[in-house]
Amino acid sequence: MPRIAVVQKDKCNPIGCGGYLCARLCPVNREGKDCIVPSPDKKARIDEKLCTGCGICPNRCPFGAISIINLPEELNEPIHRYGQNGFHLYHLPIPILGKVVGIIGRNGIGKSTAVKILAGLLKPNLGSEEGAAIDVLIKRFRGTEAQAYFQKLKEQGAIVSYKPQQVDLLPHAVKGTVIELLKNCNGKGDEMLQFVIEKLDLINVQQNNISTLSGGELQRFAIAAAFLKQANIYFFDEPTSFLDIKQRLKVAKFIRSISNDKTAVLVVEHDLIVLDAVSDLIHILYGKPQVYGVVAQPKAAKEGINAYLSGFLREQNMRIREKAITFTASPDRQKRNTPLISTWTELQIKLGEFSLFVKEGGLKSHEVIGVVGENGIGKTTFVKMLCHKLAPETGVVQEKVKESYKPQYLAPTNDLVSDVLARAITQFDAQLLRPLELKELLTRKLSELSGGELQRVEIARCLSQEADVFLLDEPSAYLDIEQRLATARVIREFAEQTGKTILVVDHDLLFLDYVSDRLMVFKGIPARQGIAEGPFSMEVGMNAFLKELDLTFRRDAETRRPRANKKDSVLDREQKEAGKMYYG
């Protein structure tokens, strides 16, 4: 049985454990052999051939830095390994002409590594220290679709275009205006350039310098740039981050339109509604984040997502999660007669060229309020008025209550996580720290965390404060699918157990469906005028919002998750005629 030993170097702290506790406890070391020794970078290094898999070092490491995994026989040789005791990736997804292939899996499970290998940006090493030549890969994958793919890559029959994950880094890599940069990478002619500028809503920013673009504008620019390259295989790594709901569905439709009998598209995405809408096939990645990842065989999109949510891969007889993730069949949560804790009259505020009008409403205890609307429509402005960080020009927020606010954009500092979460550590260990998997981060600085880790810390910090109303602005950003649903569960249970009110602004409709009791809806013209209504029941609110988008949603019969209907399909027409945009 193959065995891998992984040491997460960012967690390994020999000084903190009194000097290589793992080596001192190792039975093999005690016999005089060098199973665990210091590496040149002063971290622990484990010899996988000498390791017996006794389990002492992973169980006793105070920082959770060591993982010893016994793998099935078929996972004998990885596609890629990040050095000795580093992350292992097994198998690869394969693009297919005429299909959009989606990839689903947790952060740190190897999705971006797999895409970079297929895009030719990372040379796979097959578990050794050096990258394998293309002929070695062709031989390694003989008799599979991967062989044909790497053969085409060698003969330049496969021409790749890659949209990177971290679009916020683009201004550091390239300089110039949007139109200049798109012309530089355009291999499809002026007519196609104008087409993509219109389709991806870049008309108003095409003369802007890339350094001035918002996150959503950068994302749409990156998608446009990737599409304009003359290629037949397109990779889109998380194409909807920073985008609002309307833009996400528009981008999903655009990416689907790229696929034809001469092109293949591969998409990594955490928004399940978008992934479902855009994909023909789904590859599930499973394993242990930061330790190893395995690419499962492809399934049809619906079956792939449902298998992932169930946590069980039938063909591999593999359980990838202890419990299945299920959704509520009813559009309305159980109604409670709970008191109002904050109300507002009609509110108006003007900020430069933008104006916001908020209809009269209020918040109840023991509930989670979802907030939906396009970017630039006033959602964050409303949240700031509730926090008394902005004062309305007319109207008043009544019943002075104490608020705790998690902003949309997070600014990491050099503070220790344990200092930031001091109150959570003493009072909310079971409610926040454990389910959000924060204990292993307590000794690290905020500036050392990934986007997803920082997001979870900030959610816990916000919810652990002394407050009556908690305001979470885009809490699903940077989180993978499982983290999003785990976070939604934490938010719901926290509101129920503490009797507090939580307001959640987000663009992931599945996340909002999972977390919300009621819904506020923002309409209008982005950057010019916003109108806020509600809170409504989920059914009324979602019907109002989806009508603006001209979309209908149904429930999946197996998991009860919301799924978007195809425009003008039988279900789409029937639900619109019945006035039921939500659930049907």
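The values are calculated or read from the model by the stated rules, or taken from the named source; none is laboratory data. Note that the structure is predicted; figures quoted are calculated from it, not measured. Note: ideal-geometry Cβ built from the backbone for every residue, glycine included; neighbour counts use all protein chains shown. Only protein heavy atoms, including side chains, enter the accessible area calculation; ligands, DNA and RNA are left aside. Shrake-Rupley method; radii C 1.70, N 1.55, O 1.52, S 1.80 Å.
Of everything in the range 95-111, what is in contact with a Leu (Cβ under 9 Å, 6 or more places away or on another chain) and open to solvent by 20 Å² or more (accessible area, probe 1.4 Å)? Give them in sequence order.
Ile96, Lys99, Arg106, Asn107
Go through Gly541, Gly530 for me and flag whichever is at pLDDT 90 or above, under 20 Å from Ile273 (Cβ atoms) and of a type in the set (Gly, Ala, Ser).
Gly541
Only one of Val267, Val295 is in contact with a Ser or Thr (Cβ under 7 Å, 6 or more places away or on another chain), buried (at least 19 other Cβ atoms within 10 Å of the Cβ) and β-branched (Val, Ile, Thr); which?
It is Val267.
Do you know which residues across the range 546-584 are of a type outside the set (Phe, Trp, Tyr) and at positive phi?
Those that are of a type outside the set (Phe, Trp, Tyr) and at positive phi: Asp550, Arg560, Asp568, Gly579, Gly584.
So for the range 332-343 (the condition being under 18 Å from the mean Cα position of the chain (by Cα) and under 18 Å from Asp556 (Cα atoms)), does at least one residue qualify?
no
Would you mind telling me which numbered condition in (1) in a helix (DSSP H, G or I); (2) at pLDDT 90 or above Leu266 fails?
(1)
Could you list all residues from the range 122-161 that are in contact with a helix residue (DSSP H, G or I) (Cβ under 6 Å, 6 or more places away or on another chain) and open to solvent by 50 Å² or more (accessible area, probe 1.4 Å)?
Ile134, Gln147, Gln151, Lys154
Do we have Cys17 as in contact (Cβ under 8 Å) with a residue 24 or more places away in the chain, open to solvent by 60 Å² or more (accessible area, probe 1.4 Å), in contact with a Pro (Cβ under 7 Å, 6 or more places away or on another chain) and not aromatic (Phe, Trp, Tyr) here?
Answer is no for this residue.
Being touching a strand residue (DSSP E or B) at 6+ places or on another chain (Cβ under 8 Å), polar (S, T, N, Q) and surrounded by 18 or more Cβ atoms within 10 Å (Cβ to Cβ) is the requirement here; does Thr380 meet it?
Yes: the conditions hold for Thr380.
Does Ile69 fit the bill of being open to solvent by less than 70 Å² (accessible area, probe 1.4 Å), at pLDDT below 95 and not in a strand (DSSP E or B)?
In short, no.
Look at Cys22 and say whether it is touching a strand residue (DSSP E or B) at 6+ places or on another chain (Cβ under 7 Å) and in a loop (DSSP other than H, G, I, E, B).
Taking the combined requirement at face value, the residue does not satisfy it.
Exactly one condition in (1) open to solvent by 20 Å² or more (accessible area, probe 1.4 Å); (2) modelled with pLDDT under 90; (3) in contact with a Leu (Cβ under 7 Å, 6 or more places away or on another chain); (4) closer than 30 Å to Asn543 by Cβ is false for Gln398; which is it?
Of the numbered conditions (1) open to solvent by 20 Å² or more (accessible area, probe 1.4 Å); (2) modelled with pLDDT under 90; (3) in contact with a Leu (Cβ under 7 Å, 6 or more places away or on another chain); (4) closer than 30 Å to Asn543 by Cβ, the odd one out for Gln398 is (3).
Are any residues in the range 572-584 under 22 Å from Asp271 (Cα atoms) and in a loop (DSSP other than H, G, I, E, B), and if so, which ones?
Passing the criteria: Met581, Gly584.
Looking at Glu315, is it charged (D, E, K, R), under 30 Å from Ile69 (Cβ atoms) and in a helix (DSSP H, G or I)?
no
From the list Ile320, Ile349, pick out the single residue that is open to solvent by less than 50 Å² (accessible area, probe 1.4 Å) and modelled with pLDDT of 95 or more.
Unique residue meeting the criteria: Ile349.
Looking at Gln156, Gln166, can you tell me which residue is over 28 Å from Ser450 (Cα atoms) and free of Cβ contacts under 8 Å to residues at least 12 places away in the same chain?
Exactly one residue qualifies, and that residue is Gln156.
Do any residues in the range 333-344 that are within 14 Å of Glu403 (Cβ to Cβ) and surrounded by 13 or more Cβ atoms within 10 Å (Cβ to Cβ) have Cβ atoms under 7 Å from those of residues that are at pLDDT 85 or above and charged (D, E, K, R), where the two are at least six apart or on different chains, and which pairs are they?
As it stands, the answer is Ile341/Lys364; Ile341/Asp468; Trp344/Glu360, since those pairs meet every condition given.
Go through the range 186-202 and count every residue that is more than 28 Å from the chain's Cα centre (by Cα) and open to solvent by less than 80 Å² (accessible area, probe 1.4 Å).
Counting residues in the range 186-202 that are more than 28 Å from the chain's Cα centre (by Cα) and open to solvent by less than 80 Å² (accessible area, probe 1.4 Å) gives 6.
Check whether at least one residue in the range 75-82 is open to solvent by 60 Å² or more (accessible area, probe 1.4 Å) and without any contact (Cβ under 8 Å) to a residue 60 or more places away in the chain, and report yes or no.
yes
Select from the range 46-64 the residues that are touching a strand residue (DSSP E or B) at 6+ places or on another chain (Cβ under 6 Å), in a loop (DSSP other than H, G, I, E, B) and open to solvent by less than 40 Å² (accessible area, probe 1.4 Å) and list them in ascending order.
The answer is Cys51, Gly53.
Pairs, please: C-beta under 8 Å, at least 6 apart or cross-chain, first residue touching a residue at least 40 places away in the same chain (Cβ under 8 Å) and closer than 14 Å to Leu272 by Cα and in the range 101-113, second open to solvent by 30 Å² or more (accessible area, probe 1.4 Å) and part of a strand (DSSP E or B)?
Val101/Leu281; Gly102/Leu281
Provide a single number: the residues in the range 234-257 that are open to solvent by 10 Å² or more (accessible area, probe 1.4 Å), of a type in the set (A, V, I, L, M, F, W, C) and not in a helix (DSSP H, G or I).
The qualifying residues number 1.
List pairs: first in the range 545-567 and closer than 16 Å to His507 by Cα, second of a type in the set (Asp, Glu), Cβ under 6 Å, 6+ apart or cross-chain?
Listed by first residue and then by second, the contacts come to Pro562/Asp513; Arg563/Asp276; Arg563/Asp556.
Of the residues that sit in the range 541-584 and are in contact with an Asp or Glu (Cβ under 9 Å, 6 or more places away or on another chain) and aromatic (Phe, Trp, Tyr), which one is nearest to Lys250 (Cα to Cα)?
Within the range 541-584, the match that is nearest to Lys250 (Cα to Cα) is Phe553.
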